[in-house]
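The values are calculated or read from the model by the stated rules, or taken from the named source; none is laboratory data. Values in this document were obtained by computation on a predicted structure and should not be read as measured data. In this analysis, Cβ positions are derived from the backbone assuming ideal geometry, glycine residues included, and neighbour counts consider all displayed protein chains.
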Amino acid sequence: MTRRDRIVLLLERYVDVQPGLVDTEGGDGGGGTTLLAQGAWKSRAYRQLEELCGRLREEERQLYWHLAETYFRSTTKRASYCPRCRSVEHATLIGKPCSHGQRGRRNVSSDTRIATVERVVSARVDKKLVAAAVDWLEAEWQGDVTIPSDLVEHSR
């Protein structure tokens, strides 16, 4: 996994981890007396990502908007995909048939489809600007990008 891939993985899981970055006692989640459990939010990688995203928001507002719309403010939908073609293009709402665009082929029944959750990103998002924002994060990142062990286990 490349350095860029690790940053993208951190961004993809950010919304799940973000509530732990600030504890309920008003601290910074840095391991004071209130948060004793281990978790991804305690990792150096998420602390640095939080800091860099703040800088990106201040220095490159347009890049930050596209990044945030993609990873922080996007919604999700339940979907399923065909086990035969596995193409994102054929991802549909659960229960709708997939015809594979070919005549004469039977549709795959809904009980053989594979359930998944898909990210729904605003149509106004420019993927090139999202890539530029990730480039900025990669260029500004200090040291190695380490994935927290609990994220490694869930991403398999």
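Okay, here's what the table says:
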item	result
Residue in the range 139-147 that is assigned by TED's automatic domain parsing to the domain that holds LEU11 and modelled with pLDDT under 90 present	yes
Test: residue in the range 53-69 that is more than 19 Å from the chain's Cα centre (by Cα), surrounded by 15 or more Cβ atoms within 10 Å (Cβ to Cβ), modelled with pLDDT of 90 or more and part of a loop (DSSP other than H, G, I, E, B)	yes
